[in-house]
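The values are calculated or read from the model by the stated rules, or taken from the named source; none is laboratory data. Note that this is a predicted model, so its numbers are computed, not measured. FYI the Cβ positions are ideal-geometry reconstructions off the backbone, even for glycines, and counts take in every protein chain you see. Note: areas computed on protein heavy atoms with side chains; ligands, DNA, RNA excluded. Shrake-Rupley method; radii C 1.70, N 1.55, O 1.52, S 1.80 Å.
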Amino acid sequence: MAGSSTGNGPLQLHVPEPSVRPGDQPDFSSVKIPQAGTVERPPVDVDPRDIRDLAFSIIRVLNRKGEAVGPWAGSLTDEELRDGLRDMMTLRAFDARMQTAQRQGKTSFYMQHMGEEAVSCAFRKAMEPGDMNFPTYRQAGLLIAGGYPMVDMMNQIYSNEADPLKGRQLPIMYSSKEHGFFSISGNLGTQFIQAVGWAMASAIKRDTRIAAGWIGDGSTAESDFHAALVFASTYQAPVVLNIVNNQWAISTFQGIARGGSGTFAARGLGFGLPSLRVDGNDYLAVHAVAKWAVERARRNLGPTLVEYVTYRVGAHSTSDDPSAYRAKTESDAWPLGDPVIRLKNHLIVKGLWSDERHKQAEAEVMDSVIAAQKEAESHGTLHSGGKPSTRDMFEGVYETMPPHLRRQRQEAGV
Amino acid sequence: MSVEILMPALSPTMEEGTLSKWLKKEGDTVTAGDVIAEIETDKATMEVEAVDEGTIAKIVVPEGTENVKVNAVIAILAEEGEDASAAASGGDQKAEAEASAEAEAPKEEPKGEAEGSKDSGKVPAQPKVEAQSDPDIPEGTEMVSTTVREALRDAMAEEMRRDKDVFIMGEEVAEYQGAYKITQGLLDEFGAKRVVDTPITEHGFAGVGVGAAMSGLKPIVEFMTFNFAMQAIDHIVNSAAKTLYMAGGQMGAPIVFRGPNGAAARVGAQHSQCYAAWYGHIPGLKVVMPYTAADAKGLLKAAIRDPNPIIFLENEILYGQSFDVPKMDDFVLPIGKARIHKKGTDVTIVSFGIGMTYAVKAMDELAGIGIDVELIDLRTIRPMDLPTVIESVKKTGRLVTVEEGFPQSSVGTEIATRVMQQAFDYLDAPIITIAGKDVPMPYAANLEKLALPNVQEVVDAVKAVTYKA
């Protein structure tokens with residue numbers, strides 16, 4: 001086509017490209033990492049206009065020596081820190097066993113958290129009973145750290161006779177109203193705006209409960225993300241809006257969703273939301289920021305947008321092969337380290353832990369996961385043993401079963 | 001005790017793959033989690049991890065072996081304290097039997113096809129497609145066995161070569177070569193300006209596609225599945241389908257929305273819906289839903305050339321199935337024309353897309369008890385080729401429709417209404433419309449199977465309308 005009459009020549013379409021592809025040397029020099037302890041901790045009733053710089057920095061507590069430093073340190077007791085480490089280790093062991101179970105054909109699908117354990121495990125500890133999370137598929141730490149029975153999670157994964165969701169939902173798409181864990185949707189992003197709606201309803205009812213919405217870096221491109229910011233901002237909903245930036249949306253690097261805005265947290269600035277970035281591999285920093293944001297919501301000070309900077313070490317799911325689109329050694333080059341090792345080192349520095357105790361804890365955790373797995377497998381797996389009831393298939397379509405479904409069930413002979 | 005290491009499935013729909021590489025050799029010790037081999041399918045490459053610890057006693061399937069069936073024994077592992085050679089020989093008989101079956105089966109398959117149904121008990125017979133309703137194929141044209149996946153890719157590549165205004169966009173279509181590998185090789189040939197990875201927003205890129213179409217380009221918008229297109233439905237129905245009309249004919253949207261539709265396997269309520277009836281309801285759209293690879297190719301090429309917005313409904317389970325495709329320079333089929341899959345005299349079955357798999361099997365079974373089925377593959381849902389259906393019903397007097405979608409306001413009920421209106425006097429029995437159960441698709445395999453139609457239902461329905469029940 002001919003150029004325009006302004007004489008500037010033909011237009012050019014810009015398509016963002018990741019700096020590194022398979023075979024190249026991993027390079028995270030563009031991820032600017034401030035020193036731990038250097039980012040201010042404003043009071044929770046701060047005017048969002050005064051903390052715009054927090055959307056471009058990274059709040060960190062644990063330094064390279066494993067010490068907790070700076071104004072965001074000190075939100076957790078020694079006991080809570082030890083519990084936090086155990087939660088993350090449990091989630092990792094749970095993932096390892098379930099990943100293997102998928103390869104053994106005991107379930108059709110699994111998604112692991114490797115590298116992202118701190119985000120959901122630490123966030124859960126900042127919430128209270130009655131609060132509601134609207135998670136994505138990579139926040140099972142909310143359940144593990146909240147004490148939801150692992151065997152129930154496994155029964156759901158195996159879709160067996162004891163599956164709390166009765167064989168109706170995909171593996172790992174848990175649902176527990178009692179544990180503040182809204183049914184995971186297979187459709188990306190819908191939960192983010194629903195979290196805002198839930199929080200607005202809580203305020204309308206003059207309740208005290210708050211909501212947390214979760215979304216991945218890639219899904220921030222969805223309309224639901226933008227709509228959530230509009231409503232949260234306009235009605236000052238009591239909600240924490242969490243973006244887990246793990247660098248990769250399956251094979252699509254985060255630059256495709258982020259474009260030129262610099263950071264995902266910066267998306268909140270135009271809406272006047274306090275927008276913070278936090279080291280997602282730092283259990284202490286995640287907890288401190290979550291606590292700050294939850295307190296804002298609870299005190300009727302409005303919504304907060306938080307970006308957790310982390311890295312998806314494993315494949316997107318058991319159906320994905322990351323070597324097709326990113327360098328194999330990239331996770332080793334990730335500058336924010338491993339969340340489990342970082343908290344472990346911190347506990348050792350504090351004199352609360354040792355390599356030996358860690359090894360022992362690893363064995364204990366694995367024993368408890370295996371015990372849960374044995375119990376779950378006694379109720380069946382995807383292809384063998386107990387199955388969900390076929391009668392149940394016709395239940396729950398409506399609150400009360402209409403006559404035509406009753407007839408269909410009879411015709412099906414179940 | 002020795003442990004058999006089995007060929008793993010990367011996904012519920014995988015049936016076989018290539019064992020591309022062994023990373024361990026016989027005699028090596030492995031612990032759980034060690035990567036022992038690499039396997040490939042047409043969709044992805046994946047590492048095989050050891051599940052137990054022990055010593056590799058025997059490698060049953062050598063590296064480089066293609067078409068290794070899921071759950072075939074690929075190696076024998078001797079557990080700790082066990083004699084590896086004993087484990088290897090202990091497993092020998094069974095392992096060798098299976099290995100030889102694995103090695104021979106793929107070789108036999110094409111032969112079996114050429115000679116007819118030599119081994120029909122084991123290998124499902126290829127559906128025989130009669131060509132008479134597609135008169136466009138010159139006699140003597142070479143037929144090439146092609147998967148639906150390849151046929152779709154070839155159709156897009158040919159049209160992109162032919163017309164520089166055609167481009168494809170969607171999630172993972174470029175760098176990853178498509179979530180279901182339908183766009184394999186297109187990025188290499190056509191570059192990043194014509195094979196475009198989009199941000200994750202169906203609402204967004206469907207809107208961008210409609211805008212680009214209105215500017216004169218011819219976008220192919222791939223939805224990773226049509227389930228995800230629910231959030232794009234406003235752009236599809238309210239913009240793409242209606243703009244030509246609302247703009248007084250000045251500008252419309254020459255665009256193809258394509259991707260897998262309907263139930264695959266184990267993807268649950270939100271990702272297993274058939275949209276044939278949904279989009280079939282909308283004036284301004286054309287809705288195509290092919291079954292064979294030849295139809296997929298010929299109709300996708302027609303869809304890309306069509307100046308109207310087209311909904312092109314594919315199916316994940318059909319992607320890997322092979323059919324004969326005529327080797328022609330430019331094989332284009334007419335949108336809106338049904339294909340008589342097999343002529344018959346006793347009863348008419350109308351189906352489309354994956355529904356045809358039930359109909360074809362039922363047809364073969366019914367032939368065994370002397371019922372001669374005329375099977376019509378609708379191919380296009382809108383505009384619907386009712387004359388072909390009605391002509392057939394006038395001959396047979398009996399009609400059964402088969403589809404996977406929900407029963408109320410289905411494509412089948414539409415056909416039944418029209419046939420009742422236009423051929424009432426020819427009907428010798430009430431029409432039976434077979435569809436899925438009226439429940440959201442459950443996940444568990446046993447429930448999923450129950451929720452979908454099955455071959456027996458089709459057989460029973462035909463017996464009922466022919467009063468042979």
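The alpha carbon centroids of the range B:301-359 and the range B:145-171 are separated by 16 Å. In a reduced charge model with +1 at each Lys and Arg Cβ and -1 at each Asp and Glu Cβ, the protein assembly as shown shows a dipole moment near 2800 debye about its Cα centre. How many angstrom separate the Cα center of the range A:136-157 from the Cα center of the range B:194-265? Using only Cα atoms, the two centres lie 37 Å from each other. Evaluating 6.51 cos²θ - 1.76 cosθ + 1.60 at θ = phi - 60° for every residue in the range B:419-431, the Karplus couplings come out as 5, 4, 6, 9, 9, 3, 5, 8, 7, 9, 7, x, 6 Hz, glycine and proline recorded as x. Stokes-Einstein diffusion for the range A:122-200, with the hydrodynamic radius set to the Kirkwood value over Cα pairs and evaluated at 25 °C in a medium of 0.890 mPa s, equals 189 µm²/s.
Based on DSSP H segments of at least four residues, each scored -39500 (n - 2.57), chain A has a per-residue ellipticity at 222 nm of -10500 deg cm²/dmol.
Computed with a 1.4 Å probe over protein heavy atoms only, the accessible area of B:I311 comes to about 0 Å². In this label model, B:D330 and B:E365 are separated by 4.5 nm, measuring between points 7 Å along each Cα→Cβ vector. Taking R0 as 25 Å, what FRET efficiency do you get between A:R41 and A:E128 from their Cβ-Cβ distance, rounded to the nearest 0.05? Once the sixth-power term is evaluated, E becomes 0.70. Each residue of the range B:275-290 was assigned a 3J(HN,Hα) from its phi angle through the Karplus curve 6.51 cos²θ - 1.76 cosθ + 1.60 (θ = phi - 60°); the sequence is 9, 4, 5, 4, 6, x, 7, 9, x, x, 9, 10, 10, 10, 9, x Hz, with glycine and proline shown as x.
Between B:M420 and B:Y245, residue separation times 0.36 nm minus the direct Cα-Cα distance comes to 59.9 nm. Of the beta bridges in chain B, as assigned by DSSP with both residues counted there, near 50 percent are antiparallel. A cut-off of 5 Å between modelled amide H atoms, ignoring neighbours fewer than 5 places along the same chain, links B:E314 with B:G259, B:N261.
Residues of the range B:146-181 falling in the label zone of B:K193, defined by backbone nitrogen less than 19 Å from a point 7 Å along Cα to beta-carbon, are B:157, B:159-170, B:174-175. You can think of it this way: the chain between B:A265 and B:K468 has 69.7 nm of extra reach, that is 0.36 nm per residue less the Cα-Cα gap.
Close amide H partners of B:I5, meaning residues 5 or more places away or on another chain with modelled amide H under 5 Å apart, are B:I74, B:A75, B:I76, B:L77.
The distance linking the range A:385-414 with the range A:255-334 is 42 Å (Cα centroid to Cα centroid, whole angstrom). In whole percent, how big is the carbon plus sulfur part of the accessible area of chain B, probe 1.4 Å, protein atoms only? Here carbon and sulfur together make up 52 percent of the probe-accessible area. Here's how it looks for B:K21: its modeled amide H is under 5 Å from those of B:E38, B:G64, which are all 5 or more places away or on a different chain.
Residues in the range B:343-355 carry Karplus couplings, in order, of 6, x, 10, 8, 7, 9, 10, 10, 8, 6, x, 5, x Hz; the curve used is 6.51 cos²θ - 1.76 cosθ + 1.60 with θ = phi - 60°, and Gly or Pro positions show x. Which value in nm describes the separation of the simple spin-label points at A:A96 and A:S354, placed 7 Å from the Cα toward the beta carbon? Result for the modelled spin labels: 2.2 nm. Our compactness index for the protein assembly as shown, the C-alpha radius of gyration over the empirical 2.2 N^0.38 Å, is 1.00. What are the lysines whose alpha-carbon lies under 18 Å from the alpha-carbon of A:K65, with same-chain residues fewer than 8 places away excluded? Hits, sequence-local ones excluded: A:K344, A:K350. The 1.4 Å probe gives accessible areas that order A:M114, A:M153, largest first, as A:M114, A:M153. With R₀ set to 56 Å, the beta-carbon distance separating B:V144 from A:R206 gives a calculated FRET efficiency near 0.20.
Over chain A, the ratio between the Cα radius of gyration and 2.2 N^0.38 Å evaluates to 1.04. With the alpha-carbon atoms of the range A:33-138 aligned to their principal axes, the span from lowest to highest coordinate is 53, 32, 29 Å, starting with the largest.
Distances between every pair of Cα atoms in chain B, grouped in 10 Å steps from 0 to the bin holding the largest one, split as 4, 18, 26, 25, 16, 8, 3, 0, 0 percent. When A:F134, A:F231 are compared by accessible surface with a 1.4 Å probe, the order from highest to lowest is A:F231, A:F134.
For chain B, the mean residue ellipticity at 222 nm estimated from helices alone is -9500 deg cm²/dmol, where every DSSP H run of n ≥ 4 contributes -39500 (n - 2.57) and the total is divided by all residues, rounded to the nearest 500. Cross-link pairs exceeding 22 Å between alpha carbons, from the set B:K21/B:K58; B:K286/B:K449; B:K395/B:K468; B:K361/B:K437; A:K374/B:K69; B:K297/B:K395: B:K286/B:K449; A:K374/B:K69; B:K297/B:K395. How far is helix B:455-465 tilted, in degrees, relative to the longest principal axis of the Cα atoms in chain B, given as a value from 0 to 90 rounded to the nearest 10? Roughly 30 degrees, rounded to the nearest 10. Gain on full extension, evaluated as 0.36 nm per residue between A:D332 and A:D83 minus their Cα-Cα distance, stands at 87.0 nm. Between B:A429 and A:I33, the modelled labels are 7.3 nm apart [label points 7 Å from Cα along Cα→Cβ]. The angle separating the long axis of helix B:148-162 from the principal Cα axis of greatest extent in chain B is about 60 degrees.
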